[in-house]
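Enquirer: Input: one structure, supplied below.
The values are calculated or read from the model by the stated rules, or taken from the named source; none is laboratory data. Being a predicted model, the structure only gives us computed values, none of them experimental. Ideal geometry is used to build each Cβ from the backbone, glycine not excepted, and the neighbour counts take in all protein chains shown. Note: areas computed on protein heavy atoms with side chains; ligands, DNA, RNA excluded. Shrake-Rupley method; radii C 1.70, N 1.55, O 1.52, S 1.80 Å.
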Amino acid sequence: MNYQLLVLDLDGTLTNSKKEVSQATLEALIDIQSHGKKVVLASGRPTKGVAPLAELLRLHEFGSYILSFNGGRITDCRNSQIIYEKMLPDDIAKPLYDIARKYSDIDIITYTPDHLISGLHTNQYSELEASINHMPIIHADDFPSQVPESMNKILITGNPETICRAKDEIIGYFHSYLSVYRSDPFFLEIMPRGIDKAHSLLRLLSGIGLTTDEMICCGDGYNDLTMIETAGLGVAMANAQPAVLKTADYITKSNDEDGVLHVINKFLR
């Protein structure tokens with residue numbers, strides 16, 4: 001198959017355990033773009049958290065894309081224009097906050113362009129999210145009244161066992177009003193209804209005249225499942241969650257073994 005679009009999750013996929021892209025992988029990604037292929041960095045991170053990697057990979061030079069907030073926004077890197085965006089309903093902050101504060105060891109956060117807003121007790125997982133995105137955390141005394149008017153996502157962080165309980169309660173309360181899923185065992189993503197990486201990638205494909213058969217998607221986490229299922233070639237990293245390994249068409253090397261480079265050499269060169 002003549003694959004034209006390479007979609008890459010970031011943490012655990014493109015980046016290694018040190019949150020770095022190897023030089024060999026970097027050079028390969030620039031090379032395939034110079035030969036007409038497009039790259040999409042598809043992450044649960046906010047756009048600002050993806051931007052440094054997009055710049056490193058020179059996506060702006062080759063007309064590639066950022067898919068941020070797990071599909072809540074797609075940005076054309078040539079001109080920084082948002083080409084697709086979906087916001088959360090404006091009536092969910094208080095009920096989500098009321099559910100989250102029942103649990104002593106979880107936090108609820110959302111994003112502004114420059115910082116994270118923490119609504120409860122900042123934990124190690126909120127701090128991890130801030131570190132990954134190089135954005136400071138601002139604590140809100142009254143989270144529902146201090147969140148932005150328009151939000152792409154809310155993130156609940158905490159110990160995996162507690163996250164599972166909170167997830168069940170949130171789904172029971174909101175039913176199908178929201179999309180609720182884990183990206184990592186300690187991250188619970190609260191997204192607009194129907195929004196995930198696959199949904200937004202289908203919007204992008206339609207806009208640029210490509211089909212799913214021309215798309216390779218690589219990932220390792222729960223939030224990568226739908227795009228791996230949708231892609232012409234769905235790739236799991238060797239370090240992926242068991243459900244992702246089971247779903248993928250192909251399993252590459254781990255993120256610490258240049259698994260993305262292996263995919264490029266096998267399917268795009």
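Enquirer: Give me a count of the residues in the stretch 76-90 that are part of a loop (DSSP other than H, G, I, E, B) and within 19 Å of the chain's Cα centre (by Cα).
Expert: Looking only at that region, the number is 5.
Enquirer: Filter the stretch 15-29 for residues that are open to solvent by 10 Å² or more (accessible area, probe 1.4 Å) and not charged (D, E, K, R) and give the result.
Expert: If the condition is that a residue be open to solvent by 10 Å² or more (accessible area, probe 1.4 Å) and not charged (D, E, K, R), then ASN16, SER17, VAL21, SER22, GLN23, ALA24, LEU26 are the ones that fit.
Enquirer: Please count how many residues of the stretch 1-14 are over 13 Å from the mean Cα position of the chain (by Cα), crowded, with 18+ Cβ neighbours inside 10 Å and not hydroxyl-bearing (Ser, Thr, Tyr).
Expert: Going through the stretch 1-14 one residue at a time, the tally reaches 3.
Enquirer: Is it true that some residue in the stretch 63-75 is open to solvent by 70 Å² or more (accessible area, probe 1.4 Å), more than 11 Å from the chain's Cα centre (by Cα) and of a type outside the set (Asp, Glu)?
Expert: There is no residue in the stretch 63-75 that is open to solvent by 70 Å² or more (accessible area, probe 1.4 Å), more than 11 Å from the chain's Cα centre (by Cα) and of a type outside the set (Asp, Glu).
Enquirer: Anything in the stretch 91-127 that is touching a residue at least 40 places away in the same chain (Cβ under 8 Å), in a helix (DSSP H, G or I) and within 17 Å of GLU189 (Cβ to Cβ)? List them, or say none.
Expert: ALA93, PRO95, LEU96, TYR97, ILE99, ALA100, TYR125
Enquirer: Right, next: Name the residue, out of THR75, THR13, THR47, THR25, that is touching a Gly at 6+ places or on another chain (Cβ under 7 Å) and at negative phi.
Expert: After applying the criteria, what remains is THR13.
Enquirer: To continue, here is another question. Hey, any hits in the stretch 160-180 for a residue that's among the aromatic types (Phe, Trp, Tyr) and part of a loop (DSSP other than H, G, I, E, B)?
Expert: yes
Enquirer: Filter the helices (runs of 4 or more DSSP H) completely within the stretch 188-249 down to those with at least 1 residues that are under 29 Å from ASN123 (Cβ atoms) and touching a His at 6+ places or on another chain (Cβ under 9 Å).
Expert: Passing ranges, in order: 225-230.
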